[in-house]
Structures are given as C-alpha cells and as structure tokens.
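S.K.: Before anything else, here's the structure in question.
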Amino acid sequence: MALPPVLRDRLRLPAIGSPLFIISHPALVIAQCTAGVVGSFPSLNARPLSQLDEWLAEITETLADWDRKHPDRPSAPFAVNQIVHKTNNRLEEDLQLCVKYKVPVVITSLGARTEVNDAVHSYGGVTLHDVIDDRFARKAIEKGADGLIPVAAGAGGHAGTLSPFALVQEIRAWFDGPVALSGAIATGRAILAAQAMGADLAYIGSAFIATQEARASDGYKQMIVESGASDILYTNLFTGVHGNYLRPSVVAAGLDPENLPVSDPSKMNFGSGGNTDAKAWRDIWGCGQGIGVLKDVPPAGVLIERLIAEYEQAQAELAAKTALVRRASAAQAA
Ligand SMILES: Cc1cc2nc3c(=O)[nH]c(=O)nc-3n(C[C@H](O)[C@H](O)[C@H](O)COP(=O)(O)O)c2cc1C
C-alpha cells in the first residue's frame, strides 16, 4: 500500500523527527519541517493547555508562511503525539485542538483507542501508533490506526527489546500500510537500511536531542556527544515502563546503575506531570543506542542536510553493491 500523500509528497528525506518529552517544542518542529522531515512534539510538552493552542497556531502559521515563500520546497507536515494512557487527563481537550488545527499526523502512544483515530480521520488526518511487538501492532490496526511505529531495541525513551529485523519482518508479513521504524537510527545509511528492511520511514529521536533547537540542557547534549551505545542503560525504574537512559546521568543522580531498585509499575504516570515522570526525564536523561556517531551539536537543519547527503551516498553505494551481486550471479548462471 502506498504512503498517504501527506507522508509521501512533501518529504526531502524519509524520516520523522520523533516526539521527545520536554525536549520538542515549536522551534525544533519548525526547523525539522522546513528542512524536509516530519517534525513532532508530545502535546503534553505544552503546559498549560492554553499553550498548546498557541503552539499549534505558531507552527501552522509559520509553516504556511514558509510554503508561500518557498513554493519550490514546501515544508514537511508536522505531527502531534498523544499519550493515550489513563493517567493523561488532557487527552480529550488536546485532541479537540488537533481537530481545530487539522494536525496532519497524530502519533499515539501507550494505548490504542478507536475514538482517537476517528477524531483524526474526521478532518482527513493520519494516525500512526507506536508499538513494541506484533500483538500490539495488530491491536492498533484493529482500533483504526493508519500506520505503525515499531519501536525496536535500543530506541530512546520507552523502548522494546526486539531486534528491528524481527519486528519489521513480522509486521510486514501481514501489514502493508505505513511503517516508521524507531530505534538507534542516526545516519542516512541507517535510514536507507530501515527502508530496505521494509519500513517506509525512519523515526529519529536521540539524534535531535543533540541539536541547537532541542529544549535540553547543554550538559545533556554534551553527554550525548561524548557517549556511545554501551553507555545506554535499560531500566523500568524511572517511569514503571522499560526505557533507555544515559548511564552517566544515572550516576550523576547518585544512583548505582548496576544495583538499581526494581520499579513499582502501579506508580506509572505519563499524563498529569509534576511527579515522578517529569522528574525522571529532567534528571535522568532518556537516550537511544544510536548516538555513537554524533560528534557535535548542530542546528537541526544542518543535521538533516547531513542525513540527506549520507542517504544519497548510501543509495549510490548500495546500487554499486547490488550490481556486483547481480553480475556475479549472472556470471555463475552463464
Ligand atoms: C528523551 C526522550 C523522550 C521521549 N519522549 C517521548 C514521548 O513523549 N512520546 C513518545 O511517543 N515517544 C517519546 N520518546 C521516544 C521517541 O519518540 C522515539 O521512539 C525514540 O527516541 C527513537 O529512538 P532513538 O532515540 O534511538 O532515535 C522519547 C525518547 C527520548 C530519548
């Protein structure tokens, strides 16, 4: 099945800048969209609720203005992430604002609900639901999501444990709609690999934390630049759900990464904020395993240009490699 036009026709690179709790905000989203990838933010980053109205107005107007001035290079669409979890007491109102602004793409996490998909479909929007295994993927599609975001092992924030190969090939065995692969993607080559694996788009989070526009502290950005895959710790201590975090930030918070206590899942809270979740994300820094290649903190637009150049280079290299294989098998057949 083809990608919906909104995800097919306006991207310079097949990628989504994924939603990042606390970190994503209009400046980052606008930088991502004007550089040609889908930009996104969790609606709960806008607090109080009235700020969400302001953010949506700002993003919508700025992108429309960009499109008027750059008809040859229109912006990519933006997305809003809704946490569909019982602790999110703003879901209803946030969703109404998405309807008011006709947010092109809505990304749902931590719960699949038919009425959320129906609300987005009412104005022609597209929904993508993030999942960590095939069972959740099937449930999301049953509830009316248009596409899936398989979150593989090594992804920043709440992540699964499955290999991206296992996850994407299992989902592709029955689902031919839009798929955006999440987890440790930080180069143009990896974006192409995600497509070769069967995904349509790459879903990139941690690489955008180390950009100028990201609303993260300088210490956080610097720790990403200085860390690699083996500095990432997988634990459920901080939010009740397993996720990946920068080990040095756990040490800096006075904890021993080798002897962390076990979390109480009943304390899980994503929605109302002001308690463990916000504190966890502010002091203990979420991050995926793909950061070993990040060596600076550029503007998001510069990172995206770099990814585009790497992606094109990887396409050329792959074409050369596959041509070699074709020549070898043709020679053997002759
Ligand atoms: C600090 C941080 C915060 C995140 N916050 C959210 C969030 O609020 N909602 C969400 O759906 N995903 C969230 N994620 C997950 C990302 O959207 C995405 O799945 C992940 O970052 C992709 O893996 P990568 O970081 O290895 O690129 C977060 C990830 C990180 C690192």
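S.K.: Name the pairs whose Cβ atoms lie under 9 Å apart, with the first residue in segment 22-35 and of a type in the set (Asp, Glu), the second within 16 Å of the ligand (Cβ to nearest atom) and open to solvent by less than 30 Å² (accessible area, probe 1.4 Å), and 6 or more positions between them or separate chains?
M.R.: Sorted first by the residue in segment 22-35, then by its partner, the list stays empty.
S.K.: If you don't mind, there's one more thing I want to ask. Before we move on, is residue 185 modelled with pLDDT of 95 or more and under 13 Å from the mean Cα position of the chain (by Cα)?
M.R.: Judged against the criteria, residue 185 is a match.
S.K.: With respect to residue 21, is the statement that it is surrounded by 14 or more Cβ atoms within 10 Å (Cβ to Cβ), within 16 Å of the ligand (Cβ to nearest atom) and under 21 Å from residue 126 (Cβ atoms) true?
M.R.: No, not satisfied.
S.K.: Is it the case, given these coordinates, that residue 163 is polar (S, T, N, Q), within 15 Å of the ligand (Cβ to nearest atom), within 30 Å of residue 233 (Cβ to Cβ) and crowded, with 23+ Cβ neighbours inside 10 Å?
M.R.: no
S.K.: Which condition breaks for residue 149 when tested against (1) touching a Leu at 6+ places or on another chain (Cβ under 7 Å); (2) modelled with pLDDT under 95?
M.R.: Exception for residue 149: condition (2).
Here is a yes/no grid of residues against (1) under 24 Å from residue 2 (Cβ atoms); (2) open to solvent by 20 Å² or more (accessible area, probe 1.4 Å):
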residue: 179; (1), (2): yes, no
residue: 189; (1), (2): no, yes
residue: 200; (1), (2): yes, yes
residue: 205; (1), (2): no, no
residue: 210; (1), (2): no, no
residue: 219; (1), (2): no, yes
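S.K.: Quick one: which residue in 47, 10 is open to solvent by 50 Å² or more (accessible area, probe 1.4 Å), assigned to a loop (DSSP other than H, G, I, E, B), within 15 Å of the ligand (Cβ to nearest atom) and touching a residue at least 24 places away in the same chain (Cβ under 8 Å)?
M.R.: 47
S.K.: So, residue 55, is that one part of a helix (DSSP H, G or I), aromatic (Phe, Trp, Tyr) and closer than 22 Å to residue 109 by Cα or not?
M.R.: So residue 55 fits the description; yes.
S.K.: Got a number for residues in segment 210-266 being at positive phi and under 24 Å from the mean Cα position of the chain (by Cα)?
M.R.: 1
S.K.: Another question, if that's okay. Could we say that residue 105 is within 20 Å of the chain's Cα centre (by Cα), within 14 Å of the ligand (Cβ to nearest atom), over 18 Å from residue 16 (Cβ atoms) and of a type in the set (Val, Ile, Thr) here?
M.R.: no
S.K.: From the list 72, 67, which one is away from the ligand (no atom under 16 Å from the Cβ) and assigned to a helix (DSSP H, G or I)?
M.R.: 67
S.K.: Identify, by number, the condition in (1) touching a residue at least 40 places away in the same chain (Cβ under 8 Å); (2) out of contact with any Ser or Thr (no Cβ under 6 Å at 6 or more places or on another chain) that residue 89 doesn't meet.
M.R.: (2) is the only condition that residue 89 fails.
S.K.: Sticking with this structure for a sec: Among the numbered conditions (1) crowded, with 23+ Cβ neighbours inside 10 Å; (2) closer than 25 Å to residue 309 by Cα; (3) within 16 Å of the ligand (Cβ to nearest atom), tell me where residue 41 comes up short.
M.R.: (2)
S.K.: Now, a different point. Name the helices (runs of 4 or more DSSP H) wholly within segment 127-213 that hold at least 3 residues that are over 27 Å from residue 284 (Cα atoms) and touching a strand residue (DSSP E or B) at 6+ places or on another chain (Cβ under 8 Å)?
M.R.: Where helices (runs of 4 or more DSSP H) fall fully within segment 127-213 and carry at least 3 residues being over 27 Å from residue 284 (Cα atoms) and touching a strand residue (DSSP E or B) at 6+ places or on another chain (Cβ under 8 Å), they are 134-142, 164-172, 188-197.
Residues are listed down the side, and each one gets a yes or a no for (1) at pLDDT below 95; (2) surrounded by 13 or more Cβ atoms within 10 Å (Cβ to Cβ):
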| position | (1), (2) |
| --- | --- |
| 292 | no, yes |
| 311 | no, yes |
| 316 | no, no |
| 321 | yes, no |
| 330 | yes, no |
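S.K.: For segment 101-137, name all the residues that are of a type in the set (Lys, Arg) and surrounded by fewer than 16 Cβ atoms within 10 Å (Cβ to Cβ).
M.R.: Listed by number, the residues that qualify are 102, 135.
The values are calculated or read from the model by the stated rules, or taken from the named source; none is laboratory data. These numbers come from a predicted model, not from an experiment. Don't worry about glycine lacking a Cβ; one is built from the backbone with ideal geometry, like all the others, and counts go over all protein chains shown. These accessible areas exclude ligands, DNA and RNA; they are computed on the full protein's heavy atoms, side chains included. Shrake-Rupley method; radii C 1.70, N 1.55, O 1.52, S 1.80 Å.
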